[in-house]
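Participant: This is the structure, below, for whatever I ask next.
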Amino acid sequence: MKFEYDYLVVGAGIFGSVFAYEAKKRGKKVLVIDKRDHIGGNMYTKNMDGIHVHYYGAHIFHTSNKEIWDYINQFAEFNNYINSPIANYKGKLYNLPFNMNTFYQLWGTKTPKEAMDKIEEDRKNHFVENPKNLEEQAINLVGLEIYEKLIKGYTAKQWGKDPKDLPAFIIKRLPLRFTYNNNYFNDRYQGIPIGGYTQIFEKMLEGIEVRLNTDFFENREKFEHIAEKILYTGAIDEFFNFEFGHLEYRSLAFDHQVLDVENFQGNAVINYTDLETPYTRIIEHKHFDDAKSKHTVITYEYPKKYEIGSEKYYPVNDDKNNEIYKRYKEKAAKESKYLFGGRLAEYKYYDMHAVIISALAMVKNEFRDKE
Ligand SMILES: Cc1cc2nc3c(=O)[nH]c(=O)nc-3n(C[C@H](O)[C@H](O)[C@H](O)COP(=O)(O)OP(=O)(O)OC[C@H]3O[C@@H](n4cnc5c(N)ncnc54)[C@H](O)[C@@H]3O)c2cc1C
């Protein structure tokens, strides 16, 4: 049977776009579809009067892998943005991640020894043998005060649950840094593409047919007949018609607002760590790439209960969901026409650089003996 396309790629996010770009480079005829009205998946940035708005939440590219850094830099020039979020707890500001600046703001400690002694004393006073939940685990790691001011409310909002009702394993470690260093990530390379992320996808998909507002499931049969192979980057449970049940997620709501002020908060990311403020963060997008504009765009990020049909953001990788996913994965392995990849098809939280690594590994495997 002769197919119109060698590959159909379902999803124009980073996984699908890397694969489509590499397949085209190898002379393959590719069709990309996405049910949204734009390319880029969750990395999409919308140009609002010269400010590149991270439409699905703040995205900071970071990696220690030089190959991946060079790979992404083919498609855009990156700036030297360093992620240095600030926490606002009941009107007081603290630097993140937890470092000597944070400890000074909490207790006025000035030397690593003073800060270590303070934390050690707090941990010792509240230490719980065999922590049974996230709260006990976090207090064991950083003491009660850091937990109460900077972790408790934020975590409760993020998961929609009291940390006492969350499993201890969610927090394995909470790094404490005894230097005055507000750089959130430890990676060697970090930055934001000057001009936003969407241009990366425009370049990757140049010369490739892309159909937006096109849901694979609305025409599944037709799509199965137009391409020899299909890369599917959508939700795995949906692919199998929820045969083994729905996989759970935590959702988010983004409220983007244009404000008639030049500089609203002086930093790209401010976390609200108390329980009473309903949002977890305010993002001010112009600070990601120093956009020059008389106004600003900010985004309130609200954690949201996931309901069937709402946007899927964070997978809930507990035993129950992992077990369901395992069954889908086993079934997917038997689909010889299909490839599956990306955060939704693999039901896992994936950073951007890790998605690129995974997509390139699939490319290598898929084209090894066919080039
Ligand atoms: C709030 C938030 C902040 C983040 N911040 C960072 C960060 O700072 N740094 C970092 O490295 N990573 C970050 N990430 C992770 C990053 O977003 C992901 O690594 C990346 O977007 C995953 O790419 P993907 O291609 O797997 O999935 P997606 O980007 O979700 O792409 C999948 C695409 O498939 C489409 N699709 C699904 N089903 C169908 C269908 N039936 N038919 C047609 N199309 C379909 C979707 O519309 C979507 O466009 C963040 C994630 C979130 C949620």
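Participant: Ignoring ligands, DNA and RNA, please state the percent of accessible area on region 184-307 from carbon and sulfur, probe 1.4 Å.
Facilitator: Numbers: 2560 of 5830 Å².
Solvent-exposed carbon and sulfur of region 184-307 make up 44 percent of the total.
Participant: Taking a probe of 1.4 Å, how large is the accessible area per residue of region 1-141, in Å²?
Facilitator: 46
Participant: With respect to the cross-link table entries Lys29/Lys320; Lys24/Lys172; Lys113/Lys172; Lys110/Lys294, which display a Cα-Cα separation exceeding 31 Å? Please report the intermediate quantities before stating the final value.
Facilitator: On the way: Lys29/Lys320 40 Å; Lys24/Lys172 42 Å; Lys113/Lys172 24 Å; Lys110/Lys294 39 Å.
Distance filter (> 31 Å) returns Lys29/Lys320; Lys24/Lys172; Lys110/Lys294.
Participant: Moving on. Using 0.36 nm per residue, how much length does the chain from Asp318 to Lys161 gain when fully extended, once their Cα-Cα distance is taken away? Intermediate values should be presented prior to the final figure.
Facilitator: Details: separation 157, 0.36 × 157 = 56.52 nm, distance 1.43 nm.
Full extension from Asp318 to Lys161 adds 55.1 nm.
Participant: Heavy atoms only, probe 1.4 Å: what % of the accessible area of region 97-170 goes to carbon and sulfur, would you let me know? All intermediate terms of the calculation are to be shown ahead of the outcome.
Facilitator: On the way: 1940 of 3770 Å².
The computed percentage sits at 52.
Participant: Given the pairs Lys92/Lys152; Lys157/Lys326; Lys90/Lys312, which are separated by over 20 angstrom at their Cα positions?
Facilitator: Values: Lys92/Lys152 16 Å; Lys157/Lys326 29 Å; Lys90/Lys312 30 Å.
Checking Cα-Cα distances, Lys157/Lys326; Lys90/Lys312 exceed 20 Å.
Participant: Starting from the Cα of Lys149, draw a straight line to each of the aspartates and glutamates and keep only those under 14 Å, dropping any in the same chain fewer than 8 residues away.
Facilitator: Filter leaves Asp122, Glu135, Asp274, Glu276.
Participant: Only bridges with both residues in the chain count here: give the DSSP antiparallel percent, nearest 5. List each step's numbers first, then the result.
Facilitator: Numbers: 31 of 49 bridges.
About 65 percent, rounded to the nearest 5.
Participant: Further question on the same structure: For the chain, how big is the tail of P(r) above 25 Å, as a whole percent of Cα pairs? All intermediate terms of the calculation are to be shown ahead of the outcome.
Facilitator: On the way: 41426 of 68635 pairs.
That fraction is 60 percent.
Participant: Mind checking the per residue accessible area of region 224-371 for me, 1.4 Å probe, whole number of Å²?
Facilitator: Values: 7390 Å² over 148 residues.
With the other protein chains kept in place, region 224-371 gives 50 Å² per residue.
Participant: Please work out the ratio of the alpha-carbon Rg of region 97-170 to 2.2 N^0.38 Å and round it to two decimals.
Facilitator: After normalising by residue count via 2.2 N^0.38 Å, the value is 1.13.
Participant: Over the chain, with a Gaussian network built from C-alpha contacts below 10 Å, which listed residue (Ile356, Ile119, Ile51) shows the highest mean-square fluctuation?
Facilitator: Among Ile356, Ile119, Ile51, the largest GNM mean-square fluctuation belongs to Ile119.
Participant: Continuing with the same structure: For Cα pairs less than 8 Å apart in space and 6+ apart in sequence, what is the mean separation divided by the residue count of the chain, i.e. the relative contact order in percent? Intermediate results must be reported in sequence, preceding the final value.
Facilitator: Working: 697 pairs, mean separation 96.8, N = 371.
Dividing the mean separation by the residue count of the chain yields 26 percent.
Participant: Count the net charge of all other residues whose Cβ sits under 14 Å from the Cβ of Ala333, scoring Lys and Arg as +1 and Asp and Glu as -1.
Facilitator: Values: positive: Lys326, Arg327, Lys329, Lys331, Lys334, Lys337; negative: Glu330, Glu335, Glu346.
Combined, the nearby Lys, Arg, Asp and Glu give +3.
Participant: Please compute the net charge surrounding Val142, taking Lys and Arg as +1 and Asp and Glu as -1 over other residues with Cβ under 15 Å from its Cβ.
Facilitator: Working: positive: Lys118, Arg123, Lys124, Lys149, Lys152, Lys172, Arg173, Arg177; negative: Asp117, Glu120, Glu121, Asp122, Glu135, Glu136, Glu145, Glu148.
Summing Lys/Arg as +1 and Asp/Glu as -1 gives 0.
Participant: Continuing with this model, one more query. Just to be sure I understand the model, the point goes 7 Å from the Cα along the line to the Cβ. What's the resulting Lys222 to Tyr104 distance in nm?
Facilitator: Placing both labels 7 Å beyond Cα along the Cβ direction yields 6.3 nm.
Participant: I want the local charge near Glu262. Using Cβ-Cβ distances under 15 Å, sum +1 for each Lys or Arg and -1 for each Asp or Glu among the other residues. Present the calculation step by step, with values, prior to reporting the outcome.
Facilitator: Details: positive: Lys286, Lys292, Lys294; negative: Asp49, Asp260, Glu284, Asp290.
Net charge in that neighbourhood comes out at -1.
Participant: For region 194-273, what does the alpha-carbon gyration tensor say about shape, rounded, prolate or oblate, given a ≥ b ≥ c as the root eigenvalues, a/c under 1.5 as rounded, and a/b over b/c as prolate? Each step should come with its number before you reach the end.
Facilitator: Details: a/c = 3.26, a/b = 1.60, b/c = 2.04.
Cα axes put region 194-273 in the oblate bin.
Participant: Continuing with the same structure: Could you tell me how many degrees, from 0 to 90 and to the nearest 10, lie between the Cα long axis of helix 14-25 and the main elongation axis, the longest principal axis, of the Cα atoms of the chain?
Facilitator: Rounded to the nearest ten degrees, it is 40.
Participant: I've got another one for you. Run the reach check for Lys337 against aspartates and glutamates, Cα to Cα strictly under 14 Å, same-chain hits fewer than 8 apart removed. What comes back?
Facilitator: Those aspartates and glutamates meeting the cut-off are Asp6, Glu221, Glu224, Glu228, Glu366.
Participant: Would you tell me the accessible area of His353, worked out with a 1.4 angstrom probe on the heavy atoms of the protein chains, in Å² to the nearest 10?
Facilitator: Its heavy atoms expose roughly 40 Å² to the probe.
The values are calculated or read from the model by the stated rules, or taken from the named source; none is laboratory data. Just so we're clear, the structure is a prediction, and the values are computed from it rather than from any experiment. Using ideal geometry, Cβ is built from the backbone for each residue, glycine included, and neighbour counts are taken over all protein chains shown. Side chains included, ligands, DNA and RNA excluded: accessible areas come from the protein's heavy atoms. Shrake-Rupley method; radii C 1.70, N 1.55, O 1.52, S 1.80 Å.
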